[in-house]
Amino acid sequence: MKFVDEVEIRVEAGDGGNGVVSFRREKYIPKGGPDGGDGGDGGDVYLEADENLNTLIDYQFERIHRAQRGQNGMGKNCTGKRGEDIVLKVPVGTRATDQETGEVLGDLTRHGLRRMVAKGGFHGLGNARFKSSTNRAPRQKTMGTPGEIRSLKLELMLLADVGLLGMPNAGKSTFIRSVSAAKPKVADYPFTTLVPNLGVVRPVHHASFVIADIPGLIEGAADGAGLGIQFLKHLERCGLLLHLVDLAPYDGTDPAVQAVTIVNELQQYSPKLADKPRWLVVNKVDLLTDEEVEERLAEVTEALEWEGPIYQISALSKKGTEQLCKEIMTYLEQLPKPSEVEEEDAQATTEFKWDSYHQEQLDAHDDDDDDDDFDDDDYDVEVVYQK
Ligand SMILES: Nc1nc2c(ncn2[C@@H]2O[C@H](COP(=O)(O)OP(=O)(O)OP(=O)(O)O)[C@@H](O)[C@H]2O)c(=O)[nH]1
Ligand SMILES: [Mg+2]
């Protein structure tokens, strides 16, 4: 299946139905009052996280999504029907951003989480609403307001605890294969991995974490070289990054230079990501003698001015991988859990503009004196049924 992690769509909430002007006309009831009903509200557009989806590909083909318009009001005080909402299912981990304002409308990080992304228009008021002691035959009505229209960017960001960072061929996929049940392709040429892979690692009985293998980075990635940096966004939600450095590159390149390149690209992409907790993991130690490992590692740490944790592994022979995973687990377990406040906030709906619209309309018409008092002629007013 094709992996699509970024799409642009347009969502259009339904317009509110209009209010209507109508008067009761029945035999033997000569002075029937106003009975024009209100319109119905327009339908809203929602996004909902669904764990059964893992790509945004459907939205690449279907870009415009409209909720239903509210029905207009009718005579006999009948209110128009509310427009139906639409719910767009997206993979867990999707972030919706308003293209125009840049505002993040929702981070759908849990199955079933639902966020409104376009609010339906408010209903218009029928003339029955405007009846008062001084005006018994009002001919005012209000129109429904338009539904919100937004251009959205949907981005799928994988939900992994640990992200792997490194040059192509560093052994990222080999590592995830050896520590989890995930089986991404491994080969001795660069850019074997073209889309992110997730693996679940269970280093101890009672706990597990998710690790993300993303395509390798090369120099100039921030400017689009190789596969670019489009996949780095998947690391934004990780609690820990592993920088995998190939200590024995088959093409004879210098591991220290390679390592610095990666950090530079990371910095350019996002200083925030570069500031995330990061561990240095040197790989392919099986190809070198202990002295060579020490020597090259020293060069790498010096070039990076590295002071953080260092691990030596062979992803292929699994040397050092078990220990590394156990320490990752211990590290992740002591990280603070996302606070409850954040959870609540994620549930809240975005505030929309016309909550007070209804009252404003009535207030505005309170001062209207232009309608004459009720007289018999008013009974000849045509009953208007607006479409
Ligand atoms: N000897 C040895 N070879 C390794 C080790 N880890 C990976 N390799 C080899 O290195 C090559 C590249 O490994 P991959 O796991 O595909 O590398 P990658 O980082 O996922 O590369 P891209 O997907 O292209 O970014 C393969 O031929 C692996 O067999 C290791 O620890 N020791
Ligand atoms: Mg790979």
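The values are calculated or read from the model by the stated rules, or taken from the named source; none is laboratory data. Computed from a prediction, not measured in an experiment: that's the story for all the values here. Using ideal geometry, Cβ is built from the backbone for each residue, glycine included, and neighbour counts are taken over all protein chains shown.
Structure data summary
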| quantity | calculated |
| --- | --- |
| Residues of the stretch 250-259 satisfying the condition of being surrounded by fewer than 17 Cβ atoms within 10 Å (Cβ to Cβ) and either closer than 16 Å to Glu305 by Cβ or touching a residue at least 40 places away in the same chain (Cβ under 8 Å) (or both) | Tyr250, Asp254, Val257 |
| Residue check, Lys172 more than 24 Å from Glu322 (Cβ to Cβ) and of a type outside the set (S, T, N, Q) | no |
| Some residue of the stretch 320-334 being modelled with pLDDT under 50 and exposed (fewer than 12 other Cβ atoms within 10 Å of the Cβ) | no |
| Conditions (1) more than 15 Å from ligand 2 (Cβ to nearest atom); (2) among the acidic types (Asp, Glu); (3) at pLDDT below 90; number of the one not met by Glu148 | (3) |
| Within the stretch 176-189, considering residues that are near ligand 2 (Cβ under 9 Å from one of its atoms) and in contact (Cβ under 8 Å) with a residue 24 or more places away in the chain, the one surrounded by the fewest Cβ atoms within 10 Å (Cβ to Cβ) | Pro184 |
| Search result, residues across the stretch 77-116 that are closer than 23 Å to Asp41 by Cβ, modelled with pLDDT under 95 and surrounded by 23 or more Cβ atoms within 10 Å (Cβ to Cβ) | Gly80, Ala96, Gly106 |
| Residue list for the stretch 283-308, restricted to those being surrounded by 14 or more Cβ atoms within 10 Å (Cβ to Cβ), under 39 Å from the mean Cα position of the chain (by Cα) and within 24 Å of Ile211 (Cβ to Cβ) | Asn283, Lys284, Val300, Thr301, Leu304, Trp306 |
| Top-ranked residue of the stretch 190-222 - restricted to ones that are within 15 Å of ligand 2 (Cβ to nearest atom), assigned to a loop (DSSP other than H, G, I, E, B) and not hydrophobic (A, V, I, L, M, F, W, C), ranked as farthest from Asp286 (Cα to Cα) | Pro196 |
| Residue count, the stretch 151-173 (criterion: surrounded by fewer than 22 Cβ atoms within 10 Å (Cβ to Cβ) and not in a loop (DSSP other than H, G, I, E, B)) | 3 |
